[in-house]
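The values are calculated or read from the model by the stated rules, or taken from the named source; none is laboratory data. Everything quoted here is computed from the prediction, not taken from an experiment. Counting neighbours? That spans all protein chains shown, and the Cβs are built from the backbone with ideal geometry, glycine included. Surface accessibility is based on the protein's heavy atoms, side chains included, excluding ligands, DNA and RNA. Shrake-Rupley method; radii C 1.70, N 1.55, O 1.52, S 1.80 Å.
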Amino acid sequence: MTIGRVHSWKKVAAQIVLLVPVTMILVFAMLARANNAYGILQNSAFEQTGYFSAAMVLALIFYGYRFRFITTAGILFLGLYLWYKFMGSLSFGEFDAFLASSRFLSFAILAGLGWVVGYGFSRSRYFCIFWSVALLGLAIAVFSHQDNVYLSLLLTTFTFILLYAVYIIYASELIRNISNDEKYFTWFVFKRILGFDAILLLLWFLILFLFRSDFKAIQKEYGGQGSYQEKGNSESMTKNNKDGSISNKDQTKLSGSLSKDQRLVFVAKLDSYFPDGKTPNPLYFTAYYFTKFDTMTQTFERDPAMPDNDLFTPDPSKIPLYFAKTDSSVIKNTHASVGRKVISADVYKVFMSPDDYVAPSTSFFCQPISVPNEYKSQYRSAYRAKMYVSELNSAYFIYNPAGNKQIEDFQKARFDVLRTVPNFTALDRKFYDYYTFMPKNQEYDRIRELAAQIGTTAKTPADKMLAIRSYFLSKDDYGQPLFKYSDNPGIPGLPSANKLTYFLFENRKGYCAYFAGATLFLLRAMGIPSRVAVGYLTVDRSSKNPGWYWFYEKQAHAWVQAYFPGYGWIDFDTTVPSTDTQESPQPDQTPPLNMRQAYFVADGTVTDIDTVTKKMEMDATKIIFHDKDYDSKTTQHIKTDVSLATVSSDTGAVPLSYIKKGMHVTAASYSESLKNLTATDNDSMRSVLAKLPKVLPIDEIKVIEPESQAQKKKNAEQKEGKPVDWLAVLWTVLIVIGSVIILLFASPWLIMQYLASAARGNKADKKKASDTYTAAMFYLNQLGYFRTNLGPQQYARMIDNKFATDFEKFSNVYQKLKYSNASLTESEKQLVNQFYTPFLRQVRGQVPFKTRLSRFLNIYNTIHFFTQPKIS
């Protein structure tokens, strides 16, 4: 007995060509992610996609015939299950049996799923919808098990699934409705699919264009910009990199809570003391300045275009060991000439990122230094910084001297000096306007009014600063502090409400970013140039090693700097004291003392490396000998003995075998044999090398990674190291889905408007008749009056009987123009010109509005119009 067919070979081939490849791509993407999330899958995404796709193709072919699904699929699944149990019973090694059975299980599940999908594509009209929803759920399940996911990937994945859903619904309907007798079957299908894909891409780009600002806002609001760590509505002052290191964020968002950690970030030796020369005067360590505030996302941000930029941001990992990088322009940009001095600091990194740099303001010098061998397990790398600092600055809270007479006297003297500045009239107008800018709306008008109240009796800028300090330290009617420090200040009831005014006028609780932000705008409202600085709060906890400071991640901090002509930028911190903020665990490590003297340092390229004889040769154009720099216009060849050398890169200690020919390295020698060798003022690099041993003993080698490679690595860390914020995912997916749904369901109306415009815009000719006929047919089709299996005259007569129109007359004229070269009579021309609007009005008047609305929202009617076969 011959088995009947459901689909012709043409339709089966069309299903395989149009539905299978795009499904394979999406399934492979999902399986690749699933393999990363679940080890049992054994990282075989290509092979697994092959199982799925092969089963899908076989099912499409199989169910092209009139086979029943339940019977055939039941037999298939039973066979797969029995074979799986049989494989599990084999005794060729317990571990091997487990791997074989688990491998077959993944094959059985994927092949079975592919078989079901193939059946759905072949037989079920609505399967595509359920399949797309299932894929969306699978994507959410897979991504929820991954640590390294970023918002742009999620956005791409979910929107691709949505576009895929729209595509397969259209393509399957097109294949389902096309006639097997269509003369140009392949060209007809190809033309329709190509046109639909073009519309789909246009729709997607339209969504991106219309909602790009919303996507950016969501990404910024929920952590999609940057690679810092956020949990829910929690903000952190630092970000975690993929390599486990810590960096300061380049923006700070006002959030409902602050996330802190106890990890030690770095240790520093700061050469800053009070005038007695014994009492340490700690300074805040600065990472960035924030001079912009995004009112929509409540975020303080960096501005690369800020005037008179005095921020020094070198990458210590790219500076050769013991060589220095300087930038004198930052000193010039401070416009400070009074009460300034140069001090130094040695920074030893623990968890701080290799390419990060922090130092007290204003830093202008960076020199990577060696970490002694006995401390290399504690500290990854180190550098020396030099700063042009104000003698008025101090890390102590200016209002919290804690009964220390010396600090109280220091604070009083500090403000006495600043009172000598009466105003800012002499400042450059551009500079002044930039650093006193405030948004103009009702919320910030309230801050202006508060600033006016606070500074009513203050005469000088310094007195206004003190008035702000006193305001934050004031007490309420019950003698309790008006403002309190809190890592969990909460957020306003309305998500879009201004968090600064909520902090200032309602809950009066917040962490450092709240106090810094409020102080910034109070100062600016008073006409005092100011900016937010972020970095680390310095706390003096050690009595054994004066001048040494330990910086924990929870000490990441934000404060304000105010500008005074002649004195430059002065630190001003109004954050109310908090025990948790100021106290960190006592340092349980010994600072790196007894630094070795580097007598010789060479920076250059490796020309040869022998890991057996422990010899390395390099070409260099600059060296340091007894702290003096020597340069050469031509490369000088240097032979070295690296048998005792330690080797490190940005990531820490590495073996000698890590060094390869062509690498950029810095080689340093601490050998006592070089101690008594001297150079004269007339010596050049060549003559100095001539005095040294032919094979120089090297004690330390630092590998300098290429800049492009390092930047690529850093970008990848920022992209991949970002954990998922599922609230951001939800909002983004909802916006995308909503946008696609709105445009999708509006498409029948948009198409109708286009066709109607074309129908009204031509003269009485063949084009006019064609456009009018197409518009009328689309309108009737959308209302549910299909022409299936009816000739043009039969269909037109049916419409006339239903709505009392002249559609048959118009259809006859249209057919005359379409299939003959005869000219139209005057009455026929008049009919073509005047048919459309009365026809539309007559049909519309007999179909209730609710019916018209519901049927114009039926996207399947639209698909039916464009996929129905042509009937001549």
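Quick notes on this structure:
- Inside segment 758-776, residues that are open to solvent by 20 Å² or more (accessible area, probe 1.4 Å), under 49 Å from the mean Cα position of the chain (by Cα) and modelled with pLDDT of 85 or more make up a count of 2.
To keep it simple, each residue is scored yes or no on (1) in a helix (DSSP H, G or I); (2) surrounded by 14 or more Cβ atoms within 10 Å (Cβ to Cβ).
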residue	(1), (2)
T805	no, yes
S811	yes, yes
L817	yes, yes
K829	yes, yes
V832	yes, yes
T837	yes, no
V843	yes, yes
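- Test: residue in segment 26-39 that is within 24 Å of L174 (Cα to Cα) and at pLDDT 75 or above: yes
- Selection over segment 446-470 of residues that are hydroxyl-bearing (S, T, Y) and touching a Lys or Arg at 6+ places or on another chain (Cβ under 6 Å) gives a count of 1.
- Being at pLDDT 95 or above and either closer than 28 Å to K412 by Cβ or outside any loop (DSSP other than H, G, I, E, B) (or both) is a property that holds for R531.
- Residues (closer than 30 Å to L593 by Cβ and in a strand (DSSP E or B)) located in segment 328-362: R340, K341, V342, I343, S344, A345, D346, V347, Y348, K349, M352, A359
- Candidate set from segment 643-671 (those that are over 43 Å from the mean Cα position of the chain (by Cα) and free of Cβ contacts under 8 Å to residues at least 60 places away in the same chain); member that is nearest to Y375 (Cα to Cα): L644
- Residue count for segment 622-635 satisfying the condition of being under 45 Å from the mean Cα position of the chain (by Cα) and surrounded by 19 or more Cβ atoms within 10 Å (Cβ to Cβ): 3.
- Figure legend. Inter-residue proximity from segment 105-122: first residues over 17 Å from Q15 (Cβ atoms) and part of a helix (DSSP H, G or I), second residues of a type in the set (S, T, Y) and open to solvent by 20 Å² or more (accessible area, probe 1.4 Å), beta-carbon distance below 7 Å, spacing 6+ or different chains. Indicated pairs: L105/Y84; F107/Y51; A108/Y84; L110/Y51; A111/Y51.
- Positions within segment 291-304 being at pLDDT 85 or above and in a loop (DSSP other than H, G, I, E, B), in sequence order: T291, R302, D303
- Complete set of residues in segment 830-857 that are basic (K, R) and touching a helix residue (DSSP H, G or I) at 6+ places or on another chain (Cβ under 9 Å): R844, R852, R855
- Any chance L743 is within 59 Å of the chain's Cα centre (by Cα) and at pLDDT below 80: yes
- The test for being more than 30 Å from Q411 (Cβ to Cβ), assigned to a loop (DSSP other than H, G, I, E, B), modelled with pLDDT of 90 or more and open to solvent by less than 30 Å² (accessible area, probe 1.4 Å) holds for F323.
- Taken together, the residues in segment 260-293 that are in contact with a helix residue (DSSP H, G or I) (Cβ under 7 Å, 6 or more places away or on another chain) and open to solvent by 20 Å² or more (accessible area, probe 1.4 Å) amount to 5.
- Among residues of segment 501-513, those that are touching a strand residue (DSSP E or B) at 6+ places or on another chain (Cβ under 9 Å), open to solvent by less than 10 Å² (accessible area, probe 1.4 Å) and outside any loop (DSSP other than H, G, I, E, B), counted: 4
- The sole residue among V695, V688, V703 that is open to solvent by 20 Å² or more (accessible area, probe 1.4 Å), within 27 Å of K318 (Cα to Cα) and of a type outside the set (D, E, K, R) is V695.
- Any pair with Cβ under 8 angstrom, 6 or more apart, that starts in segment 788-807 at a residue that is without any contact (Cβ under 8 Å) to a residue 60 or more places away in the chain and on the phi > 0 side of the Ramachandran plot and ends at one that is assigned to a helix (DSSP H, G or I) and not hydrophobic (A, V, I, L, M, F, W, C): A804/Q842
- Options T635, T678; residue that is among the polar types (S, T, N, Q) and in contact with a strand residue (DSSP E or B) (Cβ under 8 Å, 6 or more places away or on another chain): T635
- Residue list for segment 356-390, restricted to those being acidic (D, E) and modelled with pLDDT of 90 or more: D356
- Pair list, Cβ under 6 Å, 6 or more apart: segment 15-33 residue assigned to a helix (DSSP H, G or I), other residue at pLDDT below 80 and open to solvent by 30 Å² or more (accessible area, probe 1.4 Å): M30/L138
- Checked against (1) closer than 24 Å to V371 by Cα; (2) outside any strand (DSSP E or B); (3) β-branched (V, I, T), V688 meets all criteria but (1).
- Cβ-Cβ contacts under 8 Å between residues 6 or more apart (or on different chains), taken from a first residue in segment 75-96 that is exposed (fewer than 11 other Cβ atoms within 10 Å of the Cβ) and at pLDDT 65 or above to a second residue that is basic (K, R) and in a helix (DSSP H, G or I), are absent.
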